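Just below is one structure, and these are the notes that go with it.
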Amino acid sequence: MPPRTEAAKEKAEETPAASEVTPSDKGSQEKAPPEKAQPEKPVTEKTSGEKADSSFKPSLVKEVKRAAEEEKAGPWRSYKEVLAKLAQRLLDAQRPMRILQALRWPQTVEEQFLKSKARELPEISYDPDLGFDPEAKRAELVELVRDIDRELGQKDELGRILRESCEEYIKVVQLLEARGTKKFYELSRKLYGSAKDMLPDGKTTVRAMGLQLYELLTTIACERLSKTGPEPQRRDIDAQTAALVLNERLSRFFGEMTVRVEVDDALVADAAAGSDYVKIRSGATFSARDVDILEVHEGWVHLATSLNGQAQPVARWLAKGPPRTAAVQEGLAALLEILTFRSTPRRAKKLNDRLLAVDKAEDGASFLDIYEWYRTEGYELEECFQSAMRIFRGGTVDGGAPFTKDACYCKGIVLNQAFMLAALQHDRAELIPFLFVGKVAHQDVPVLFQHVSDGIVRPPPFMPPIFEDMNGLAVWLSYSSFFSTLCKTSIVEYYAGAMKR
């Protein structure tokens, strides 16, 4: 009979259960001498603020507790089997929860808004049918949290990732129930963060970072940056043509894996990636540079991490991204635009303006205020509406309660670069490719890498070329850090004095 071990089992918010007693071997003909009773060691429950023990290594053999001793013993289960089953339950539970779809505005809203000459707040009504029963979904997720603790124990680091994801999906249910109210913003801030949040340095807010970038990006004269002038920025490629071009490019990138790019008339964003597809918004127009950016942002990052997650035989939850993974995902996609020289000052400013728009809306700016701000920043009227709609979908259009997800992009760029630089400086470069293993948060990456050797996690099969040979990346990250320290304002101003017109 194979050896059996038992992971510590604790129930959150309950008194720890008594230790399981193993019955004596009924086939033995000799009675063992009675052992001297040993005092029980107290079992302590981990408080909500206490971190799991990172040195805890789960046994790969599991023994299932049974309700009664006389119950017939079933086959032993490996740790991988238990984890895979729990992961599949999480995937099944989140499947009907389509966050962005539930926040869509009816197409008639834009027509009515423009008909009012942008003077009246749009009136929004959301479909009450979420595609699932909120109460039943909440109960399902609560039960799953209990089973994760019971099956894996609270010291298990992979169990922590599953538990945190479940707890976030419970908040997502509440978020969708609160559409159109101030409570929506409170939940959005808990899930996606805020422009008011502090960066890990403990000094800089996300808002302060955005304002500094605004000063830098607003002063760049884009028309002088290309030999051909503004021509590459002309948005004369329609959605159907863009889809055809991207289909051909992504088919080359993913090889034998079947992926598709299709046009969708219900998207809010210009493009969005799914499990094995990228959708392009019908009616959107693109420049050649925009298409290059979509290839990297939607294809090489969002689509690739989805497919890498689906390729996991055990860590199946990596195929889907709860809100806790948003900053890594969106920041990684935006950072890759920069690393591959696909981005432009206009694109970088657009991402940063989303952060500033969230900040303004958090401080009380209404939909009309944000629409007007975008107009004064030089955006076309259709872009002004679409950009403002991103900020207010799900929240309240009179201000003070936005959807804060768009603050993740620039924050994520900074955090991903810092993560990569830290990995290089501390001889952990092997962790960097695991940003692409699926939908992850930064704190997940070392844990996931630790489980490659036991087969629980597989390395990502699809990665951008720059991460397959990271020599150039290492030099770029090192010098970018060095330059940011050396090239202070006084040095820049020294040369600026000689350039005055």
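The values are calculated or read from the model by the stated rules, or taken from the named source; none is laboratory data. Worth saying up front: this structure is predicted, and the values here are computed from it rather than measured. For neighbour counting, all protein chains shown are included, and Cβ atoms are generated from backbone atoms with ideal geometry for every residue, glycine included.
Tabulated results
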{"read-out": "Unique residue being in contact (Cβ under 8 Å) with a residue 40 or more places away in the chain and crowded, with 22+ Cβ neighbours inside 10 Å when the list is LEU415, LEU435", "value": "LEU435"}
{"read-out": "Residue pairs meeting the criteria (Cβ under 6 Å; at least 6 apart or on separate chains; first surrounded by 23 or more Cβ atoms within 10 Å (Cβ to Cβ), in region 383-408; second in a helix (DSSP H, G or I) and among the small types (Gly, Ala, Ser))", "value": "ILE391/ALA357; ILE391/ALA361; PRO402/ALA361; PHE403/SER188; THR404/SER188; CYS408/ALA326; CYS408/ALA327"}
{"read-out": "Residue match in region 240-254 (condition: surrounded by fewer than 20 Cβ atoms within 10 Å (Cβ to Cβ) and of a type in the set (Lys, Arg))", "value": "yes"}
{"read-out": "Qualifying position, being modelled with pLDDT of 95 or more and either among the aliphatic types (A, V, I, L, M) or farther than 30 Å from ARG179 by Cα (or both), among ALA84, ALA68", "value": "ALA84"}
{"read-out": "Within region 263-366, helices (runs of 4 or more DSSP H) holding 3 or more residues that are closer than 30 Å to PRO96 by Cβ", "value": "304-310, 326-339, 345-362"}
{"read-out": "Close pairs (7 angstrom Cβ cut-off, 6 or more residues apart or separate chains): under 10 Å from ARG289 (Cβ atoms) and of a type in the set (Ser, Thr, Tyr) in region 334-348, part of a helix (DSSP H, G or I) and at pLDDT 95 or above anywhere", "value": "SER343/ILE293; SER343/GLU337"}
{"read-out": "Subset of region 306-338 [hydrophobic (A, V, I, L, M, F, W, C) and either closer than 23 Å to LYS80 by Cα or touching a strand residue (DSSP E or B) at 6+ places or on another chain (Cβ under 8 Å) (or both)]", "value": "LEU307, ALA311, VAL314, ALA315, TRP317, LEU318, ALA319"}
{"read-out": "ARG163 vs. criteria farther than 27 Å from TYR371 by Cα, assigned to a helix (DSSP H, G or I) and among the basic types (Lys, Arg)", "value": "yes"}
{"read-out": "GLN101, sole failed condition from (1) at pLDDT below 95; (2) within 30 Å of GLY153 (Cβ to Cβ); (3) in a helix (DSSP H, G or I); (4) not charged (D, E, K, R)", "value": "(2)"}
{"read-out": "Hits in region 105-163 - residues which are crowded, with 21+ Cβ neighbours inside 10 Å and of a type in the set (S, T, N, Q)", "value": "GLN154"}
{"read-out": "Some residue of region 415-429 being acidic (Asp, Glu) and under 17 Å from the mean Cα position of the chain (by Cα)", "value": "no"}
{"read-out": "Helices (runs of 4 or more DSSP H) fully within region 381-497 counting 1 or more residues that are under 17 Å from GLU330 (Cα atoms)", "value": "381-392, 408-425, 445-450"}
{"read-out": "Residue count, region 390-422 (criterion: touching a Pro at 6+ places or on another chain (Cβ under 8 Å) and hydrophobic (A, V, I, L, M, F, W, C))", "value": "5"}
{"read-out": "Residue within region 148-171 that is of a type outside the set (Asp, Glu) and under 29 Å from PHE385 (Cα atoms) present", "value": "yes"}
{"read-out": "Residue identified as under 17 Å from GLU81 (Cα atoms), aliphatic (A, V, I, L, M) and under 27 Å from the mean Cα position of the chain (by Cα) among LEU141, LEU162", "value": "LEU162"}
